[in-house]
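The values are calculated or read from the model by the stated rules, or taken from the named source; none is laboratory data. Predicted, not measured: the structure shown is a model, and the values here were computed from it. Cβ: placed from backbone, ideal geometry, glycine included. Neighbour counts: every protein chain shown.
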Amino acid sequence: MSDLQLRSVAKHYGAVRAVVDVTLAVAAGSRTAIVGPSGSGKTTLLRLIAGFEAPDAGEIVLGGATLADGAGAMVSAHRRRIGYVPQDGALFPHLTVAANVGFGVAGPAPERARRVDELAELVGLDRRMLGSWPHELSGGQQQRVALARALAQQPRLMLLDEPFSALDAGLRTATRKATAQLVTAAGVTAVLVTHDQAEALSFADQIAVMRDGRLAQVGRPMDLYLRPRDEDTATFLGDAVIVSALLERGWAECHLGRIAVDDTERRGAARIMLRPEQLQVAEAPAGAPERGTGVVTDVDFTGHACLLTLQVGGADALAAPGETPAPLMVRTTAQGALPVGARVRVTVTGPAHVLGSLA
Ligand SMILES: Nc1ncnc2c1ncn2[C@@H]1O[C@H](COP(=O)(O)OP(=O)(O)O)[C@@H](O)[C@H]1O
Ligand SMILES: [Mg+2]
């Protein structure tokens, strides 16, 4: 199976530097998600890999063969054996489902029909749908057809550009899981582009966070979530509580009190991050110290979770004099929710992450 290597790949459109010095390795048979805000260069990067665009500089190598280099050598898109599922699925509207899936499948008609049947079964499409027209299908079914059509080319690499973004929440999760299983079962290396961090974290073995055309950080989903390099990546991958602190041998002094951190080397002023699920609240006993005690200022109830906003007393260790620390977000269950105005103690589970430490 093929191993994708991007080496210092760059692409600009006029004055816009869409992709800047991107270096990334994707292991054979693995799933990588490229995640980043809109306009960060994700689609451009996929189009460079697919061969719809040529890089200005850098090399794209698949399975040991160079597909493009900055000097102008290019293997054309249709000879790369790369499947591409674009953002909107882009089925041929004038072709039936069967003809869409079988588009580009070579061989005599009976053999093609058998292959289309196999592909339909593989992606979980009801065979009775093969005679339907694309507009008769739901969004989720259309995405399955697009996926089957891409798999029909027996690609060694599958590129998926926000393929689930048009689907509603439940279907999105189901289609994402089915797609992940499918590409892995087919032994196809997959690169998924999304602006949805939960989707990326759930889909991939490797996450590459893209920002302003560059890869800000690359790593395993849990490593990136727990140990982001900077505040932008921390907040992009989920809710984050970021506070100023003074570090001393694996401990941080901050307005939450004295808490453990994941860096035993650093000393002095730093910013540290906690995920809201690391924080717990309980009613404050009388006489509780100011640090780590707060007041509930807002309760946001969304069913399975309840997000409490707290104003915690005690000066932020490094805040300017008179500055109040930023409000704190804490997740609780509905049963654990406390009303606005309640005085609460905040406790922390697990170490805080020191930002700026290497992941
Ligand atoms: N064909 C193009 N011509 C000019 N600018 C483009 C073109 N394609 C993308 N861009 C610009 O490149 C940047 C990255 O775009 P894109 O790769 O589509 O980002 P994303 O997929 O992350 O939203 C944007 O500023 C976009 O406007
Ligand atoms: Mg895009």
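Descriptive notes on the structure:
- Given (1) within 16 Å of ligand 2 (Cβ to nearest atom); (2) modelled with pLDDT of 85 or more, index of the condition residue 164 fails: (2)
- Failed item, numbered, when residue 269 is tested on (1) within 26 Å of residue 333 (Cα to Cα); (2) in contact with a strand residue (DSSP E or B) (Cβ under 9 Å, 6 or more places away or on another chain); (3) of a type in the set (A, V, I, L, M, F, W, C): (1)
- Out of 214, 266, 176, 227, sole residue that is at pLDDT below 90 and either surrounded by 15 or more Cβ atoms within 10 Å (Cβ to Cβ) or on the phi > 0 side of the Ramachandran plot (or both): 176
- Looking only at residues of the stretch 277-286 that are at pLDDT 90 or above and under 27 Å from the mean Cα position of the chain (by Cα), we find that the one that is nearest to residue 326 (Cα to Cα) is 279.
- Filtered residues of the stretch 250-266 (kept if closer than 14 Å to residue 347 by Cα and either basic (Lys, Arg) or in a loop (DSSP other than H, G, I, E, B) (or both)): 255, 256, 258
- Residue ranges of helices (runs of 4 or more DSSP H) in the stretch 106-220 with at least 1 members in contact (Cβ under 8 Å) with a residue 24 or more places away in the chain and aromatic (Phe, Trp, Tyr): 197-203
- Listed by first and then second residue, the pairs with beta-carbon distance under 7 Å, at least 6 apart or on different chains, first residue in the stretch 35-53 and without any contact (Cβ under 8 Å) to a residue 60 or more places away in the chain and on the phi < 0 side of the Ramachandran plot, second within 9 Å of ligand 2 (Cβ to nearest atom) and not in a loop (DSSP other than H, G, I, E, B), are 53/44.
- For residue 56: the one exception among (1) within 16 Å of ligand 2 (Cβ to nearest atom); (2) touching a His at 6+ places or on another chain (Cβ under 7 Å); (3) not aliphatic (A, V, I, L, M): (1)
- Top-ranked residue in the stretch 128-168 [being surrounded by fewer than 17 Cβ atoms within 10 Å (Cβ to Cβ) and within 16 Å of ligand 1 (Cβ to nearest atom); ranked as farthest from residue 34 (Cα to Cα)]: 166
A quick yes/no check of all residues on (1) in contact with a Gly (Cβ under 6 Å, 6 or more places away or on another chain); (2) farther than 13 Å from residue 10 by Cα; (3) part of a helix (DSSP H, G or I):
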{"site": "28", "(1), (2), (3)": "no, yes, no"}
{"site": "32", "(1), (2), (3)": "no, yes, no"}
{"site": "47", "(1), (2), (3)": "no, no, yes"}
{"site": "78", "(1), (2), (3)": "no, yes, yes"}
{"site": "83", "(1), (2), (3)": "no, yes, no"}
{"site": "95", "(1), (2), (3)": "no, yes, no"}
{"site": "98", "(1), (2), (3)": "no, yes, yes"}
{"site": "103", "(1), (2), (3)": "no, yes, no"}
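- Filter result (among the hydrophobic types (A, V, I, L, M, F, W, C), within 16 Å of ligand 2 (Cβ to nearest atom) and under 17 Å from residue 160 (Cβ atoms)) within the stretch 10-53: 33, 34, 35, 45, 46, 48, 49, 50, 52
- Out of 88, 69, sole residue that is surrounded by fewer than 23 Cβ atoms within 10 Å (Cβ to Cβ), in the same structural domain as residue 180 (by TED's automatic domain parsing) and within 16 Å of ligand 1 (Cβ to nearest atom): 88
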